[in-house]
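Enquirer: Can you read through this structure? Questions will come right after.
Values quoted throughout were computed directly from the atomic coordinates according to the rules given, and no laboratory measurement underlies them. What you see is a predicted model; the values in this text were computed from it and never measured. Because the Cβ atoms are built from the backbone with ideal geometry, glycine has one as well, and the counts that use them run over all protein chains shown.
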Amino acid sequence: MKRSFIQQAKTGEPVLIQGFLEHIRNTRYMAFLVVRDRSGKMQVTIEKSAHPEWTALIETLTAESVVSIEGTIQENPQVKLGGRELIPTAITIESLAAPLPLTHEANIDTRLDYRWLDLRGEKERLLFEVQTCLVGAMREFLLQREFLEIHTPKLIAAASESGADVFEVGYFDRKAYLAQSPQFYKQMAMAAGFERIFETGPVFRAEKSYTNRHTTEFTGFDLEFSYIESFHDVMHLEAELLTYALERVQEKYGEAIEKHYGTKVIIPKLPFPEIALPELYRELEKRYGYRLPECERGDTTTEAEQLSYRFSMEEFRHEFLLVTDFAAEKRAFYHMQKDGVPQGYDLIWRGVEITTGAQREHRYDVLCRQAEERGLGEDVRFYTEFFRYGCPPHGGFGLGVDRLTMLLLGTGIKEAMFLFRGPNRLTP
Ligand code: AMO
């Protein structure tokens with residue numbers, strides 16, 4: 001018999017349902033099972049005297065075992081689960097579950113040890129439905145605008161962002177590195193004349209950070225496009241893209257997110273507010289007495305990002321804030337500069353940086369000089385070559401999908417990833 005999803009299984013005709021046994025109640029005369037598949041839950045009602053041959057089987061059943069059950073569904077208003085029950089004619093145990101090692105109260109690290117069990121929860125599953133919708137909507141938005149989706153190598157010969165946070169791997173008789181960003185290759189696509197590209201893929205950072213928003217491997221949503229006039233074009237595209245994606249999520253999952261995560265999906269207004277970093281610091285000091293440590297001058301700090309959420313809500317009634325005018329020495333060498341000011345931005349959402357974006361330096365000699373000034377000349381020679389034979393002006397951004405999901409639902413990053421990777425976690 002063909003399997004039916006519990007939600008769609010018809011009343012009054014023979015059906016086969018398959019799923020996990022969420023609950024077992026075995027009384028003297030009756031046994032009640034609750035079976036769960038990805039569409040919903042169904043009560044299975046067994047009158048024990050009608051099936052003496054099942055006595056041993058019922059006693060063997062354990063919570064979270066996987067079963068196949070054939071039978072007929074009937075209406076029964078007394079059944080809390082949707083007023084229907086399945087009267088079985090055949091029960092097969094596909095896989096018997098051992099006693100569960102995980103309780104609902106387990107802390108996040110224990111939950112991660114048994115992530116596949118943790119993910120069986122409705123709330124956990126919802127997160128991935130939401131993420132699928134979010135990333136799907138971002139992809140849809142870009143496809144409508146004729147962006148190409150590319151897939152760039154993650155094994156590379158040189159660090160792509162800063163040399164410090166890169167994982168080194170053995171590569172036959174030499175060394176390779178895990179890409180810290182698709183940066184070099186998305187720009188190569190501009191030199192190739194693709195004009196508009198994006199990529200969703202793994203990004204590796206050898207950062208020993210133990211925060212609720214850092215991980216050593218995350219999913220980046222990166223894009224790059226040509227013939228921009230300035231980095232403002234990049235900021236505007238990102239604001240439109242996020243607004244579009246949040247609209248889709250709100251339509252489809254707004255209620256479920258509020259029910260399970262207690263977080264409202266707010267559709268942002270366009271354009272997103274912008275502020276130059278020095279002005280942001282003046283405001284944070286004036287309003288909240290925040291003093292920036294001298295060594296952080298020209299960059300944002302975690303505390304400043306958090307305060308900037310408060311500022312953005314008070315000043316602009318907006319959850320997003322675009323911050324511009326960082327110090328050149330705090331930004332990547334490939335950012336275009338105008339009068340010494342990097343032509344880029346960070347986007348902060350609900351107090352956490354989610355994106356870095358910029359217009360890139362596409363002029364070969366200027367780019368080489370900027371790389372040279374950082375002592376990177378030789379290391380990035382393969383990359384600067386991309387700009388020797390003509391390259392359009394271009395820009396783009398990198399967005400952290402895990403951070404985006406985490407902020408959307410109000411969780412930490414460990415919960416927002418299928419499997420978290422950190423300095424102390426490489427399993428499961
Ligand atoms: P950046 O280094 O700012 O920029 O990274 C872009 C975005 O990636 C996310 N992110 C992280 N998420 C989780 N854990 C981490 N350790 C982590 N580090 C970064 C953030 C961040 O905003 N090449 C540039 C992008 C560009 O200019 O196009 C880059 O990689 O959401």
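Enquirer: In the chain, with Lys and Arg counted as +1 and Asp and Glu as -1 at Cβ, which of these residues, 136, 190, 347, has the Cα nearest the positive end of the dipole, that is, farthest along it?
Expert: After comparing all options, I get 136.
Enquirer: Which of 154/208; 208/338; 2/259 have a Cα-Cα distance over 29 Å? Present the calculation step by step, with values, prior to reporting the outcome.
Expert: Working: 154/208 20 Å; 208/338 34 Å; 2/259 34 Å.
Where the Cα-Cα span goes over 29 Å, the pairs concerned are 208/338; 2/259.
Enquirer: Suppose only helical runs count, i.e. DSSP H with n ≥ 4. What mean residue ellipticity at 222 nm does that imply for the chain under -39500 (n - 2.57) per run, divided by all residues and rounded to the nearest 500 deg cm²/dmol? Each step should come with its number before you reach the end.
Expert: Working: 12 runs with 133 residues, N = 428.
One gets -9500 deg cm²/dmol as the mean residue ellipticity at 222 nm.
Enquirer: Another question about this same structure. Rounded if a/c is under 1.5, else prolate if a/b is larger than b/c, else oblate: which is segment 14-95, with a ≥ b ≥ c the root eigenvalues of its Cα gyration tensor?
Expert: On the way: a/c = 1.43, a/b = 1.11, b/c = 1.29.
The shape class here is rounded.
Enquirer: What share of the DSSP beta bridges in the chain is antiparallel, in percent to the nearest 5?
Expert: Restricted to the chain, the bridges split so that about 90 percent are antiparallel.
Enquirer: Next question. Based on the alpha-carbon gyration tensor of segment 146-217 and its eigenvalue square roots a ≥ b ≥ c, which shape applies: rounded if a/c is under 1.5, prolate if not and a/b is larger than b/c, or oblate?
Expert: Cα axes put segment 146-217 in the oblate bin.
Enquirer: Magnitude of the Cβ-charge dipole of segment 113-409, K/R +1 and D/E -1, about the Cα centre, nearest 20 debye? Don't skip to the answer; put the middle values down first.
Expert: On the way: 37 positive and 51 negative charges, 67 e Å.
Magnitude of the dipole: close to 320 debye.
Enquirer: If you filter segment 52-130 for chymotrypsin sites (Phe, Trp or Tyr not before Pro), then keep DSSP loop positions with at most 10 other Cβ within 10 Å, what is left? Please report the intermediate quantities before stating the final value.
Expert: On the way: sites: 54, 114, 116, 128; in loops: 114.
Qualifying residues, ordered by number: none.
Enquirer: Can I ask one more? Distance check, please: which entries in 80/123; 123/186; 123/252 exceed 27 angstrom between their Cα atoms?
Expert: Values: 80/123 20 Å; 123/186 35 Å; 123/252 15 Å.
From the list (80/123; 123/186; 123/252), the Cα-Cα distance tops 27 Å for 123/186.
Enquirer: Starting with the fewest neighbours, write out 355, 300, 215 ranked by other beta-carbon atoms found within 10 Å of each beta-carbon.
Expert: Details: 355 23, 300 19, 215 26.
Ascending Cβ contact count within 10 Å gives the list 300, 355, 215.
Enquirer: Next up: List the chymotrypsin sites (Phe, Trp or Tyr not before Pro) within segment 176-226 that DSSP assigns to loop and that have no more than 11 neighbouring Cβ atoms inside 10 Å. Don't skip to the end; give the middle numbers.
Expert: On the way: sites: 177, 184, 185, 194, 198, 204, 210, 218, 221, 225; in loops: 194, 210.
Answer in residue order: 210.
Enquirer: Another one. Trypsin sites (Lys or Arg not before Pro) within segment 181-211: which are DSSP loop residues with at most 13 other Cβ atoms inside 10 Å?
Expert: Working: sites: 186, 196, 205, 208; in loops: 205, 208.
Within segment 181-211, the qualifying trypsin sites (Lys or Arg not before Pro) (loop, at most 13 other Cβ atoms within 10 Å) are 208.
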